[in-house]
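Chemist: I have a structure I would like to understand better, so I am pasting it below and will then ask my questions one at a time.
The values are calculated or read from the model by the stated rules, or taken from the named source; none is laboratory data. Computed from a prediction, not measured in an experiment: that's the story for all the values here. Glycine gets a Cβ as well: all are built from the backbone with ideal geometry, and neighbour counts include every protein chain shown. Side chains included, ligands, DNA and RNA excluded: accessible areas come from the protein's heavy atoms. Shrake-Rupley method; radii C 1.70, N 1.55, O 1.52, S 1.80 Å.
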Amino acid sequence: MNKKPEVMSPAGYWPQLCAAIEAGADSVYFGLKHFTARAKVGFDLAELPEVMRTLHARGVRGYLTFNTLVFEHELPEAARTIAAAAQCGVDALIVQDVGILRLARQIAPTLELHASTQMSIADSEGVRFARALGVDRVTLARELSLKEIRTIHDQTGVDLEMFVHGALCVAYSGQCFSSEAWGGRSANRGQCAQACRLPYDLMVDGEHQPLADARYLLSPGDLCTVNEVEQIIEAGAGALKIEGRYKDSDYVALTTNAYRKAVDEAWAGHAAPLKPEEQLRLEQVYSRGLGAHFVNGTNHQTVVDGRAPRHRGVLIGRVTGITSDSVVIAPGAAHRIAPLKPGDGVVFDAADWRSPEEPEEGGRVYELNTRPDRAVEVRFANGALQLQRIRPGDLVWRTHDPALAQHARPFLEPAAPVQKQPVSVTATAREGEPLVTVWTLPGGQSVEVQSEVPLGTARNRALSIGQLRDQFDRLGNTPYELAELTLSAEGSPFAPVSLLNEVRRRAVEKLAELQEHRPAPEVRDPAACLAALLPPDPPWAEPAAPRYHLLVRTPEQLEAALQLAPASITLDYLDLYGLRPSIERVKRSGITTRVASPRILKPGEARIVDFLVSLDCQILVRSTGILHALAGKASRYLIGDFSLNAANSIAAHRYLQLGLSKITPTHDLNAAQVADLAGRIGGLQIEAIAYQHLPVFHTEHCVFCRFLSTGTSYLDCGRPCEKHKVELRDQSGRAHPVMADVGCRNTVFGAEAQEASAHLDRWMQAGIRDFRLEFAHESGSEVEEITEAFRNPAQLARRLKLIAPGGTTQGSLQIKPNYLELPILQ
């Protein structure tokens, strides 16, 4: 690489932003109160100019997270916000919505655009898709290995960003609909309810599978790659992103500083592993158990421990005994480096015998004594703990260390700027002429400062580079430090100290002015840009009977579907390469034949696209990478699925322009919004899902491999996904089916079937004629009964509730009382 990678830090608000600057961030990402994937934190738009002045004064870039799906009625506000952000000098927008990418490029043509990780980009074709939309940098999915990142970098040459530290989502970002389905809180709208952090029971072939202390089957550990930074740089990552806009300033300071040092050392060619005490600090400030996880390749045994879903800190040891007023702890290896002390906060982890719903015991250490066998007898304040709820064998975690603040404080309460920008100075000195100096920042920005009086002639000692360094290096409390210094002198010029000091003072002022007040970028009228991108009024569609399309996942379901003779049959099988005989059967029946693509495609899986094309049938496209790859193949009838996340008319229209014949709206839209979208782009270009078990999690983590084998990947797991029916039972008793796809990625489906019986008339009035019924674990007879119920819709809702396994729900389709309904366009 010819450019040193950025250390990119999160900022929920001012304290975290300032901590990131002082700890050495090259760039900071943050959100406003709206249009951001972290809805609980952010700045007001009125604060944005000061945010950017603060960052730029320190040579730090500021990226605004605009990474949510944007609804139709929000587009005017989104356009105004984009224009305002550009005028405030933000260095880039981080965007998820394809429609917003188009809008931002029109409003601010020179503004950098970064594709959010929520665009679910995991391969070179996905990167090229984003690049074709005007994206300058792509944030890759967190599930990629360094080998895969290197492949993408080598194949595309696009600026790549990757997450290197912090919380992991179990689902691919942008592909989690659990919050929307179960609570009406969209993760794609910044309102994740973290259903992945809840406990689940594993049901195998209908029976409960005991898993000892593993209760949180979808809760991954946290990411930490500080010891892999050298390899990350070699793989081609241009920005190393630290997760954590909900984290406090201690976390931001300590993690930023750790990666700052790691990048500097690796770039200088002398990378070294993190010191043990530094590693402990990273674990202590926030950790669910740190690991490199997918970065070093697939090992499904390590991603999810399953013991706890929350911050644990540092493992201190195990309980060996309980007295009337104390707990005896045998220390672990970490204890030798960080001994327990009064004031520390601890929690007793009894996951192997206590119910997940029970609160854990914990508190602050009041007093402790070390025994000859190195065991520690710990006492707590009277009444702080219920000692009878603690047992020998419980793990002990230090969740809080007051001493940690001492390590973070220099970055939080600095007496002077901690991180300084190196400035290179060239000076030209000639007798009888002003001293001319040029001060250049790392990014190439420079100012010229001349002395106000000409230089004299030296009688004893002419101006030297040493004298210049003595005076120019006195940058004190400024955010600058002298780096390279060159002097070109003619004759014997003389400069008094006062002249050099004045030149230095004015240079600092001009540098600050240069950085804080950058030229305003070109910003076009947001309302006009929006109007130009809205699709034209669609033609009126004549009333017609509904067409039902069936998606099946098992041979039994296929047999039933063939007898029903629907408008089309889509095959969505685990074994993609075993599809051909079934495809031929559907073709011979005369029914329109479709095959579903994977939702994620990674490097090394490009042959799947060629295989899909070879089937010579319609394709249900679930990935932008596959959509882009198919553009160069033979023409096929393509239907865009919900996973493309078309949430507004600009995004939907763009997808149709890119070759889709129809689009299925994202599950983030309720039924009224689906109808409104149909009115805007034409109902005949919508295929709505009228029945399905919502795919709530789509994850690289394989539940089958982790809990039903001792293998680490598909190479040695024994393929339990082909032998067992697996469900995850939640605390309400609902059993959510789990199925694997061709890439061994798992989808967890909602237990209840989401159905649209209450909204079919509205959709038909909006011109929608194509409705898809998707089946997960339904039997052949259930497929038949459900399809016939839709064909004869009298009392449809009641009949579906009786037929569907697990019952039914409106789920994400439900129209809430406070929903802003927009009229259906005719």
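Chemist: Using amide H atoms built 1.01 Å from N in the peptide plane, name the residues 5+ places from L168, or on other chains, whose amide H lies under 5 Å from its own.
Modeler: L223
Chemist: Ok, one more. Working out 0.36 nm times the residue gap between D525 and R607, then minus their Cα-Cα distance, what length gain in nm do you get to one decimal?
Modeler: Gain on stretching D525 to R607: 25.1 nm.
Chemist: Which value in Å is the Kirkwood Rh of the chain over different Cα pairs?
Modeler: 29.4
Chemist: Same structure again: Defining a contact as two alpha carbons under 8 Å apart and six or more residues distant in sequence, what relative contact order in percent does the chain show?
Modeler: 14
Chemist: Enumerate the amide H contacts of S492 below 5 Å, restricted to partners 5 or more residues apart or on another chain; note that Pro and chain-start residues carry no placed amide H.
Modeler: Amide H neighbours of S492, under 5 Å, 5+ apart: E431, A458.
Chemist: Where the centre of each part is set by its Cα atoms, how far does region 480-512 sit from region 597-638, in angstrom?
Modeler: Between the Cα centre of region 480-512 and that of region 597-638, the gap is 62 Å.
Chemist: May I ask you to compute the full-extension gain from E559 to R459, defined as 0.36 nm times their residue separation minus their alpha-carbon distance, rounded to one decimal in nm?
Modeler: Here the answer is 25.6 nm.
Chemist: Turning to a different aspect of this structure: Apply the Karplus parameterisation 6.51 cos²θ - 1.76 cosθ + 1.60, with θ equal to phi minus 60°, to every residue of region 793-802 and state each ³J(HN,Hα) to the nearest whole Hz, in sequence, with x for glycine and proline.
Modeler: Result, rounded to whole Hz: x, 4, 6, 4, 4, 5, 5, 5, 4, 7.
Chemist: Follow-up question, since we're still on this one. Using θ = phi - 60° and the Karplus form 6.51 cos²θ - 1.76 cosθ + 1.60, what ³J(HN,Hα) does each residue of region 390-403 get, whole Hz, x for Gly and Pro?
Modeler: Running phi through 6.51 cos²θ - 1.76 cosθ + 1.60 with θ = phi - 60° gives 10, 10, x, x, 4, 6, 10, 10, 8, 8, 8, 10, x, 5 Hz.
Chemist: Okay, next question. Around R288, which amide H atoms from residues at least 5 apart in sequence, or from another chain, sit under 5 Å from its own amide H, with H modelled in the peptide plane?
Modeler: Distant-sequence amide H within range of R288: D222, R312.
Chemist: Cysteines without a disulfide-compatible partner in the chain, using Cβ under 4.7 Å as the rule?
Modeler: Cys with no partner Cβ under 4.7 Å: C18, C88, C169, C176, C192, C196, C224, C529, C617, C721, C744.
Chemist: Let me ask you something else. Just want the answer: with Cβ charges of +1 for Lys and Arg and -1 for Asp and Glu, which residue in V327, Q406, L441 is farthest toward the dipole's positive end in the chain?
Modeler: It is L441.
Chemist: At most 12 other Cβ atoms within 10 Å and a DSSP loop assignment: could you name the GluC sites (Glu not before Pro) in region 466-562 that fit?
Modeler: Within region 466-562, the qualifying GluC sites (Glu not before Pro) (loop, at most 12 other Cβ atoms within 10 Å) are E522.
Chemist: So how do C176, C18 rank on accessible area, 1.4 Å probe, biggest first, that is with the largest at the start?
Modeler: C18, C176
Chemist: Okay, next question. Working with all protein chains in place, sort D668, D537 by solvent-accessible area computed with a 1.4 Å probe, largest first.
Modeler: Final ranking, largest accessible area leading: D537, D668.
Chemist: Between beta-carbons, use under 14 Å as the cut-off and find the net charge around E522, counting Lys and Arg +1, Asp and Glu -1.
Modeler: Counting the neighbours of E522, the net charge comes to +1.
Chemist: Please work out how much length the chain gains when fully extended from R734 to E490, using 0.36 nm per residue of separation minus the C-alpha to C-alpha distance, in nm with one decimal.
Modeler: Gain on stretching R734 to E490: 79.3 nm.
Chemist: Tell me the label-point distance for the pair A567, D213, using the 7 Å Cα-to-Cβ offset, in nm and rounded to one decimal.
Modeler: In this crude label model, A567 to D213 measures out at 5.4 nm.
Chemist: Tally Lys and Arg at +1 and Asp and Glu at -1 over the other residues with C-beta under 12 Å from the C-beta of Q191: what net charge comes out?
Modeler: With Lys, Arg at +1 and Asp, Glu at -1, the neighbours total +2.
Chemist: Taking the Cβ of E143 as the center, what net charge do the other residues with Cβ under 11 Å away carry, scoring Lys and Arg +1 and Asp and Glu -1?
Modeler: +1
Chemist: To continue, here is another question. Rounded to the nearest 5, what is the percent of antiparallel bridges among the DSSP beta bridges in the chain?
Modeler: Bridges in the chain are about 45 percent antiparallel.
Chemist: Quick one: if the Förster radius is 30 Å, what FRET efficiency do A405 and R371 give, using the C-beta to C-beta distance and rounding to 0.05?
Modeler: Efficiency, from the Cβ-Cβ distance: 0.50.
Chemist: Can you work out the accessible area per residue across the chain, with the rest of the protein chains kept in place, probe 1.4 Å, in square angstrom?
Modeler: I get 39 Å² per residue for the chain.
Chemist: If R₀ is 56 angstrom, what is the calculated FRET efficiency for the pair S324 and Y13, using the beta carbon separation as r and rounding to 0.05?
Modeler: Efficiency computed from Cβ-Cβ geometry: 0.75.
Chemist: Accessible area of the chain with a 1.4 Å probe: how many percent of it is carbon plus sulfur?
Modeler: About 49 percent, which is the carbon plus sulfur part of the accessible surface.
Chemist: On to the next question. Just to confirm my numbers, what's the Cα centroid distance between region 339-354 and region 217-267 in Å?
Modeler: 27
Chemist: Take the alpha carbon atoms of region 380-442, find their center, do the same for region 26-60, and report the distance between the two centers in whole angstrom.
Modeler: 20
Chemist: Helix-derived [θ] at 222 nm for the chain: sum -39500 (n - 2.57) over DSSP H runs of at least 4, divide by residue count, nearest 500?
Modeler: It lands at -8500 deg cm²/dmol.
Chemist: Excluding residues fewer than 8 places away in the same chain, name every one of the aspartates and glutamates whose C-alpha is closer than 14 Å to that of K247.
Modeler: Result set, ordered by chain and number: D222, E283.
Chemist: Compute the FRET efficiency between V497 and Q155 as 1/(1 + (r/R0)^6), taking r as their Cβ-Cβ distance and R0 = 51 Å, and round to the nearest 0.05.
Modeler: According to the calculation, E is roughly 0.35.
Chemist: So, one more: May I ask what percent, to the nearest 5, of DSSP beta bridges between residues of region 111-243 are antiparallel?
Modeler: Within region 111-243, antiparallel bridges account for around 35 percent of the total.
Chemist: With θ set to phi - 60° and the Karplus curve 6.51 cos²θ - 1.76 cosθ + 1.60, what are the ³J(HN,Hα) couplings of region 440-450 in order, to the nearest whole Hz, using x for Gly and Pro?
Modeler: Here the 3J(HN,Hα) series is 10, 8, x, x, x, 5, 8, 10, 10, 10, 10 Hz.
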